[in-house]
Amino acid sequence: MSGTTAFYYSDDMLKYYFGPDHPFQPIRYRKIRDTLEEIGAFGHTLHLEEPRPARIDCLRMVHSSAYIDRVRELSEVGEGYLDRGDTPATPTLYQGALAVTGGTLAATEAVVKGVFTHGLNPAGGMHHAHPDRASGFCVFNDLAVAARLLQKRHGIERIAIIDIDGHHGDGTQHIFYNEKVLTISLHRYGKGFYPGTGSEREIGRGEGYGYAINVPLPANTPDEAYLYAYRKVVKEALDAYRPEFILHQFGTDAHFGDSLVDLSLTTKAYEGIAEFTHDLAHKYCDGRYVVTGGGGYNIDAARRVWAIATCAISGACPFEPEGLHHLQDSLIHTRHHFAAEDLNDKLEYLQKFVLPLIQ
Ligand SMILES: [Zn+2]
Ligand SMILES: [Zn+2]
């Protein structure tokens, strides 16, 4: 595929930091960049760019001024929590959140203006953030801000937001629940699993009826079943929706080595997801495709998954595919029970009742 890809990174993204004992560790962003440098990925088709922090007027397209002020003030104090106990307000958090959001906005602007074909931000993907509250380590919903920027400043109407994080993209879904913005989320779903939403029966409301797609996954969902569900649902939804722009939340916590989510993906599944979605972006929207990070609590898995996906999307890897072999999972993952029939039931429901609603 032709076109160039930008990869956004700044040291300020590392300020999105909740402390040494917190599961969320932004150092993975730097490790991803370093790995890409080591394998010689930057240069011909992949460019390393440093984004500016997000501007407050952009944040206000999604978040209330009162909430933005509260984040800044609590961060200045550097104590307490932004939610009920998952998301601590640390002294650098506000600046970090602006940097992380800035990466997604810079990628989106560059792609919509045609400066780059694809934009990648290994940070961002803060899909649990709501207009007036933080949740699940997410402060500002950069995906939603990017979508609003596309709608309001660039007249883009048909936006697809695809979310492969192991957790449901509840904040993003909530923000666009009554609109024809297509949100697709595949995630672990079950009793007591955070955030508790994301059933296949949540399908949008009003104007947005049929435009929220949820694929709840049983424990231990492996590569083949995931890729089958992903290709089927995403292709069918995008065939009907014909997006002008694709935003992809590419969290890596569905990897088998991640301790926060009990799904069983390997690096091969992520490579397949990246290739498939990249192809669809060329098919529907002249390649206009922005990919953000998300969850990823196994730092080494996140690093390898993102380096592989970046090469798949940008075509930047100067070696043959075997050249990335050292980044693929080497351990054979032990199989645990996976309720395939449960997933098939959900897919049947979506196929029968939800996907036909998209126009
Ligand atoms: Zn491309
Ligand atoms: Zn997650």
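Shown for the chain: cysteine residues without a partner Cβ closer than 4.7 Å, namely 58, 138, 285. Here is the link list: 113/232; 232/268; 191/232; 235/346; 113/283. Which ones come out longer than 22 Å on Cα distance? As for pairs spanning more than 22 Å Cα to Cα, those are 113/232; 191/232.
For the chain, the gyration tensor built on C-alpha atoms gives a rounded shape. Its axis ratio a/c (a ≥ b ≥ c) stays under 1.5. Antiparallel beta bridges, as assigned by DSSP with both residues in the chain, represent about 10 percent of the total such bridges.
Per-residue ellipticity at 222 nm, computed for the chain from helices alone with -39500 (n - 2.57) per DSSP H run of at least four residues, works out to -11500 deg cm²/dmol. Taking a ≥ b ≥ c as the square roots of the eigenvalues of the alpha carbon gyration tensor, region 87-175 is prolate, as a/c is not under 1.5 and a/b beats b/c.
Of 45, 167, 234, which is farthest towards the positive pole of region 5-357's charge dipole, taken about the Cα centre with +1 and -1 on the beta-carbons of Lys, Arg and Asp, Glu respectively? Farthest towards the positive end: 234. Just report the Cα centroid separation between region 84-103 and region 1-58, whole Å. Region 84-103 and region 1-58 have Cα centres separated by 16 Å. What percent do you get for the relative contact order of the chain when only Cα pairs under 8 Å and 6+ apart count? Relative contact order for the chain comes out at 19 percent. Dipole size of region 5-357 about its Cα centre, with +1 on Lys/Arg Cβ and -1 on Asp/Glu Cβ: approximately 720 debye, rounded to the nearest 20.
If R0 is taken as 51 Å, the Cβ-Cβ distance between residue 353 and residue 52 corresponds to a FRET efficiency of 0.70. Distance from the C-alpha centroid of region 141-182 to that of region 126-140: 14 Å, rounded to the whole angstrom.
Each Lys and Arg adds +1 at its Cβ and each Asp and Glu adds -1 at its Cβ; summed about the Cα centre, region 12-142 shows a dipole of about 180 debye.
Kindly state, to the nearest 0.05, the FRET efficiency for residue 37 paired with residue 92, given R0 = 30 Å and r defined as their beta-carbon distance. After rounding to 0.05, the efficiency reads 0.75.
Considering the options 155, 355, 137, tell which one lies farthest towards the positive end of the dipole of the chain, charges being +1 on Lys and Arg and -1 on Asp and Glu at the Cβ, about the Cα centre. Towards the positive end, the residue furthest out is 155. Full extension of the chain between residue 341 and residue 22 yields a length gain of 111.3 nm, computed as 0.36 nm times the residue separation minus the alpha carbon distance. Note on the chain: dipole from Cβ charges, positive end direction compared against 277, 243, 260; the farthest Cα belongs to 243.
Bear in mind that the values in this text are calculations on the coordinates, not laboratory data. Computed from a predicted model, the values in this text were never measured in an experiment. Here Cβ is always computed from backbone atoms with ideal geometry, including for glycine, and neighbour counts include all displayed protein chains.
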